[in-house]
1. Which value at 222 nm does the chain reach when only helices count, each DSSP H run of 4 or more adding -39,500 (n - 2.57), with the total divided by all residues and rounded to the nearest 500 deg cm²/dmol?
2. Expressed as an acute angle from 0 to 90° and rounded to the nearest 10, what is the orientation of the C-alpha long axis of helix 142-155 relative to the principal long axis of the chain?
3. Heads up, I need the accessible area for Ser256: 1.4 angstrom probe, whole protein in place, Å², nearest 10.
4. For the chain, what proportion of DSSP beta bridges, expressed in % and rounded to the nearest 5, is antiparallel?
5. How much accessible area does Arg191 have with a 1.4 Å probe, in Å² rounded to the nearest 10?
6. Residues with beta-carbon under 15 Å from that of Met223, excluding Met223: net charge, scoring Lys, Arg +1 and Asp, Glu -1?
7. Counting heavy atoms of the protein chains only and a 1.4 Å probe, report the per residue accessible area for the chain as a whole number of Å².
8. For the chain, with all protein chains present and a 1.4 Å probe, just round the carbon and sulfur fraction of the accessible area to a whole percent.
Amino acid sequence: MGEDAHQTVIAADAAEAAALVGEGDAHLVALREILGVKIIGRGSAVEVAGEADPVAWAAQVLQSALEAIRQGHPVTTADLQYAAGRARAGRPIDLAGLLADTIVRGDRGRQIRPRTAGQRAYVSAMRAADLTFGIGPAGTGKTYLAVALAIAELKAQVRERIILTRPAVEAGEHLGFLPGDLTEKVDPYLRPLHDALYDMVGVERARRLAERGTIEVVPLAYMRGRTLNNAFVILDEAQNTTVRQMQMFLTRMGFSSKIVVTGDVTQTDLPEGQESGLVHAEGILQGIEGIRIVHLTDEDVVRHPLVRRVIRAYDEAAAGRRSVGPETDGPAETVGRPEP
């Protein structure tokens, strides 16, 4: 099919143009691959040619990215890829509005913010509700964004402490065969939570906060019998809780506390035939005032692009409809999450 459309997006100066095209024209390459357009940067202008619809999508994404840049929000290649996929699906995203929502600044000043519409809905839910469930596949930022919001509320003195917990469930290995005492055996299960904390507040400050009891990272079994007041509490890997464990955890909530429960119901490591506490809770807590349940999908994955494809392949295999043919990056059908 011939080229029947041309559009040009013009940056104000060389600095804007460089930010728009990306290092080594990486942003333009991403748009070319996803939308199938011819695209080239010429000085302060970016010229797009091809079929009418893809050209319009590319121009819309570039203009949105340019507006974000003008507002001081750095744009990554992943942002352009996400925006292009949304545009192609008829659901364009305002990159400037999306990237403007900074939750907190990390240890080295990096702005931590939602990167997709689904992540933005998740962050909004956590801010609004006392109990939020974030359910979705790996790489969607469920835990990372929850920790970021917890740090933000701690810094703003909205909460006095942060408690991070996970169930220590074996995934093909046995704790008894690992060296060390119980704490050393459980620590590998808690490592992802430590990593998120270190990324946001730094190793030394995280350790000082832990020594003062301001931040706790503990196995779920240590939560029994406690009442948690004025705390931001995150239960990670909740798909590996039993129904009784989930009930125990949710009833720990005290006054002025916020709880976030995260998990991926497709990766349960419980013994076969045992119901997941996360699945059970999702089923019985729907519609209760003060509780929000947010479903993230492969469209919200912000890791390597292959992660999204792997998730989609497993979802299709589980549904008995694994497609045969070239992989595309179009949005997967979403069930259970309102359209942002």
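1. Working: 12 runs with 140 residues, N = 340.
Rounded to the nearest 500, the figure is -12500 deg cm²/dmol.
2. 80 degrees
3. 80 Å²
4. Looking only at bridges with both residues in the chain, the antiparallel portion is about 35 percent.
5. 90 Å²
6. Combined, the nearby Lys, Arg, Asp and Glu give +3.
7. That works out to 49 Å² for each residue.
8. Answer for the chain is 51 percent, counting heavy atoms of protein chains only.
The values are calculated or read from the model by the stated rules, or taken from the named source; none is laboratory data. What you see is a predicted model; the values in this text were computed from it and never measured. Please note: Cβ atoms are built from the backbone with ideal geometry, for glycine as well, and neighbour counts cover all protein chains shown. We work out accessible area using only protein heavy atoms, side chains counted, and drop any ligands, DNA or RNA first. Shrake-Rupley method; radii C 1.70, N 1.55, O 1.52, S 1.80 Å.
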